[in-house]
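Chemist: Structure below; questions to follow.
The values are calculated or read from the model by the stated rules, or taken from the named source; none is laboratory data. In this text the structure is predicted, and so the values were computed from the model without any measurement. With ideal geometry, Cβ positions are generated from the backbone for all residues, glycine too; neighbour counts draw on all protein chains shown.
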């Protein structure tokens with residue numbers, strides 16, 4: 001029986017400018033290439049999970065505007081269950097402005113719009129959807145009270161919770177105790193734990209702090225170096241895959257969506273992280289958030305190719 005994944009989070013439209021270098025404060029850089037792509041951490045993770053083969057329902061809030069219409073159409077084409085997405089009558093859909101430099105690094109500014117209105121009462125209205133899931137995946141581009149409300153329903157119904165703490169902010173210990181798996185990057189891990197993460201030893205120290213606060217498993221993503229895992233069954237770095245980076249915007253989101261699917265297929269934590277690493281590596285080879293999300297066949301092909309090599 002296919003396990004159900006519910007993703008609670010944000011949906012944005014990304015407006016992207018590719019430049020040789022990202023402008024400094026007060027600087028104007030001419031000559032960039034402009035494009036528009038679907039984005040938002042919640043939506044990116046939902047699309048990543050669907051394309052990786054998951055049974056996914058997305059709970060989000062979008063505006064009654066052209067961006068919202070476009071997002072719904074795109075989600076449905078990918079096979080994402082959009083029945084629980086709320087159309088906000090007052091606020092516009094979220095928008096992100098993204099600069100991407102020649103090395104694939106980026107800076108992002110987000111106008112949350114309807115995402116900021118995704119409330120605890122919205123979550124209460126979706127109680128049956130969350131309680132009936134096997135895995136709940138969330139990020140932090142929506143109000144923290146909404147995250148806490150969803151986590152409470154999940155805990156009460158033995159639903160595994162994956163929290164991607166991005167963008168990073170303070171998390172109270174009551175929430176951390178509910179988290180089955182937390183997946184910060186190096187910057188987020190430092191902000192949450194106070195430990196600068198420069199290598200595997202640092203990652204282990206930061207992970208231990210989170211474990212001591214009640215988190216079940218810690219996975220700290222390390223970019224091209226892979227991911228550090230701290231669990232009862234495996235502790236160490238799971239290496240990533242060598243690719244030419246074009247745009248790293250959605251790499252973390254793709255990692256989380258693919259991770260949720262691998263765990264829903266009963267892969268052990270090391271296998272699941274390897275699958276997620278492969279998905280994330282493929283995503284950085286293309287421009288845009290959701291346009292860069294790979295399909296399951298591509299992920300499996302990379303895993304098989306690496307195995308042969």
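Chemist: Just give me the residues in the stretch 122-140 being closer than 19 Å to residue 11 by Cβ and either modelled with pLDDT under 95 or not in a loop (DSSP other than H, G, I, E, B) (or both), in sequence order.
Modeler: Result: 122, 123, 125, 129, 130, 136, 137, 138.
Chemist: State all residues of the stretch 273-303 that are assigned to a helix (DSSP H, G or I), at pLDDT below 90 and over 18 Å from residue 164 (Cβ atoms); if no residue qualifies, say none.
Modeler: 291, the sole residue that qualifies.
Chemist: Filter the stretch 79-104 down to the residues that are over 13 Å from residue 11 (Cβ atoms) and either in contact with a strand residue (DSSP E or B) (Cβ under 9 Å, 6 or more places away or on another chain) or not in a loop (DSSP other than H, G, I, E, B) (or both) and list them by number.
Modeler: 79, 81, 83, 89, 90, 97, 98, 99, 100, 101, 102
Chemist: Mind counting the residues in the stretch 1-49 that are without any contact (Cβ under 8 Å) to a residue 40 or more places away in the chain and within 30 Å of residue 161 (Cβ to Cβ)?
Modeler: Summing the residues that are without any contact (Cβ under 8 Å) to a residue 40 or more places away in the chain and within 30 Å of residue 161 (Cβ to Cβ) in the stretch 1-49 gives 1.
Chemist: Six or more apart or on different chains, Cβ atoms under 7 Å: show the pairs whose first residue is in the stretch 51-64 and at positive phi and whose second is surrounded by fewer than 24 Cβ atoms within 10 Å (Cβ to Cβ) and outside any strand (DSSP E or B).
Modeler: From residues that are at positive phi, the pairs are 53/296.
Chemist: So is residue 113 touching a residue at least 40 places away in the same chain (Cβ under 8 Å), more than 17 Å from the chain's Cα centre (by Cα) and within 30 Å of residue 21 (Cβ to Cβ) or not?
Modeler: Yes, satisfied.
Chemist: Take residue 124 and decide whether it is surrounded by fewer than 20 Cβ atoms within 10 Å (Cβ to Cβ), within 21 Å of residue 175 (Cβ to Cβ) and touching a helix residue (DSSP H, G or I) at 6+ places or on another chain (Cβ under 6 Å).
Modeler: Against the criterion (surrounded by fewer than 20 Cβ atoms within 10 Å (Cβ to Cβ), within 21 Å of residue 175 (Cβ to Cβ) and touching a helix residue (DSSP H, G or I) at 6+ places or on another chain (Cβ under 6 Å)), residue 124 does not qualify.
Chemist: Out of the residues in the stretch 35-56 that are modelled with pLDDT of 95 or more and surrounded by fewer than 24 Cβ atoms within 10 Å (Cβ to Cβ), which is farthest from residue 147 (Cα to Cα)?
Modeler: 53
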